[in-house]
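Below is one structure, written out as structure tokens; comments come after it.
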Amino acid sequence: MIEQDLNVMEKGLQVAQRGLNVAQRAAIGFPAGVIGAAAVVVCSYVLFALGVSETLGVKAPLPLKSPDIYKPLFWGGLWGILFGLFIKTAWNWLYLAGFLYVLAPLLALFLFFLPMSGAGFFGLNKGPTFAVYLLLVNLPFGIVTALAARAIIGKNP
């Protein structure tokens with residue numbers, strides 16, 4: 001019995017030394033992305049409390065009631081999966097990669113989701129300052145996602 005337990009422990013140690021496989025990194029990316037999206041929601045409330053949102057033409061922060069809160073968290077998780085897929089490659093520059101990673105969801109927002117909702121490219125139908133607000137409110141996503149992924153993974157991706 002003890003020998004069998006040692007074999008299981010040795011296999012676990014070998015897996016830890018090799019690192020995570022692609023599916024595991026993607027699975028870790030989802031909750032990291034949800035945490036990053038939660039940071040975006042918090043940032044919207046901070047910007048609103050500081051009066052920045054109103055200056056930029058946004059009347060209210062993201063709603064916290066159900067089901068409105070689930071949409072940004074779910075999309076953050078999906079973007080986190082994509083982040084998790086390349087996290088091993090970017091491990092040495094994880095925080096820089098996280099900081100720059102926000103560009104991917106922002107480009108999708110500016111060039112696809114906003115025009116589909118009628119706000120125009122970059123949300124310019126809502127005024128030029130709306131794009132600035134979206135940039136500011138989404139800025140923490142990538143770095144917080146990277147921080148959360150690092151906290152979940154530990155030392156070896």
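Within the range 80-118, the residues that satisfy the criterion of being open to solvent by 20 Å² or more (accessible area, probe 1.4 Å) and either of a type in the set (D, E, K, R) or in contact with a Lys or Arg (Cβ under 7 Å, 6 or more places away or on another chain) (or both) are Leu85, Lys88. Beta carbons closer than 7 Å, at least 6 apart along the sequence or on distinct chains, pair a first residue in the range 44-56 that is farther than 21 Å from Leu124 by Cα with a second that is not aliphatic (A, V, I, L, M) and not in a helix (DSSP H, G or I) for Tyr45/Pro61. The single condition among (1) open to solvent by 80 Å² or more (accessible area, probe 1.4 Å); (2) modelled with pLDDT under 95 that Ser66 does not satisfy is (1). Residues in the range 114-140 that are free of Cβ contacts under 8 Å to residues at least 40 places away in the same chain and under 17 Å from the mean Cα position of the chain (by Cα): Leu134, Leu135. For Lys88, the conditions (1) assigned to a helix (DSSP H, G or I); (2) touching a residue at least 24 places away in the same chain (Cβ under 8 Å) are fulfilled apart from (1). Here is a check on your reading of the model: is Gly123 within 14 Å of Gly33 (Cβ to Cβ), open to solvent by less than 30 Å² (accessible area, probe 1.4 Å), out of contact with any His (no Cβ under 8 Å at 6 or more places or on another chain) and assigned to a helix (DSSP H, G or I)? Answer is no for this residue. When the range 104-129 is filtered for residues that are touching a helix residue (DSSP H, G or I) at 6+ places or on another chain (Cβ under 8 Å) and of a type outside the set (Gly, Ala, Ser), the ones remaining, listed by number, are Pro105, Leu106, Leu109, Phe110, Leu111, Leu114, Pro115, Phe121, Phe122, Leu124, Thr129. Please verify whether the range 126-149 includes one or more residues that are open to solvent by 80 Å² or more (accessible area, probe 1.4 Å) and not in a helix (DSSP H, G or I). No, the range 126-149 has no match at all.
The values are calculated or read from the model by the stated rules, or taken from the named source; none is laboratory data. Please read these numbers as outputs of a predicted model, since none were measured by experiment. Positions of Cβ are backbone-derived with ideal geometry, glycine not excepted, and every protein chain shown enters the neighbour counts. Ligands, DNA and RNA are excluded from the accessible area calculation, which covers all protein heavy atoms including side chains. Shrake-Rupley method; radii C 1.70, N 1.55, O 1.52, S 1.80 Å.
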